[in-house]
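See structure below.
The values are calculated or read from the model by the stated rules, or taken from the named source; none is laboratory data. These figures come from a predicted structure and were not determined experimentally. All Cβ positions, even for glycine, are placed from backbone atoms using ideal geometry, and neighbour counts span all protein chains on display. These accessible areas exclude ligands, DNA and RNA; they are computed on the full protein's heavy atoms, side chains included. Shrake-Rupley method; radii C 1.70, N 1.55, O 1.52, S 1.80 Å.
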Amino acid sequence: VAGTGGPLRAAGACDVALLAELNRLCFEAPGDGVGFVGTAWSARSLAEVLALPGAFGFLALDGEAPAGFLLGQALFEAAEVLSLGVLPGHRRRGHARRLLQAAAAEAARRGARQLHLEVAEDNRGARAAYEAFGFALAGRRRNYYRMPDGRALDALLYSCPLAAAGRPDSAEGA
């Protein structure tokens, strides 16, 4: 898959070490102070995720170098973005949008009609990107994320009808 910002490629079981490193760099490292600091998934955890029924993954590339990743799962009429991360030095270049487009296309190909995800309430950059893509706030999980300083953050639940995915001009419910 190609587009602005570089190509995408499918990610699979042979990529779990790379995915684990990307996950660590995207979520565990302090970075630019914008990203969510959380617990990185291990290569073993990622292998287990990719072995789930309906699981799929994509890598965003900047030239030959990995810039981000997305892991998802499509079961029946619903699909979920399980994890999406873009390296701090590669953010705001369209990688997340391209990863979401690929996930929406893959989920629709597998028969899903809705794409769901969750995001930490304080991750304004990701929330803006998801809303621009066509996601709408659908719920909240109170105190879902634990920060290193002991604070708890809510997870915001978003949903996007796949017919409208990636079309910011689409009407709600279209």
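Here are the numbers:
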quantity: Test: residue 106 is over 26 Å from residue 145 (Cα atoms) and at pLDDT 95 or above; calculated: yes
quantity: Complete set of residues in the stretch 82-93 that are open to solvent by less than 60 Å² (accessible area, probe 1.4 Å), in contact with a strand residue (DSSP E or B) (Cβ under 9 Å, 6 or more places away or on another chain) and outside any strand (DSSP E or B); calculated: 87, 89, 90
quantity: Among the candidates 104, 152, 79, 112, residue that is farther than 23 Å from residue 21 by Cα and surrounded by fewer than 20 Cβ atoms within 10 Å (Cβ to Cβ); calculated: 152
quantity: The stretch 63-87, residues that are over 25 Å from residue 134 (Cβ atoms) and in contact (Cβ under 8 Å) with a residue 12 or more places away in the chain; calculated: 63, 66
quantity: Residue list for the stretch 121-144, restricted to those being part of a loop (DSSP other than H, G, I, E, B), open to solvent by less than 30 Å² (accessible area, probe 1.4 Å) and on the phi < 0 side of the Ramachandran plot; calculated: 123, 135
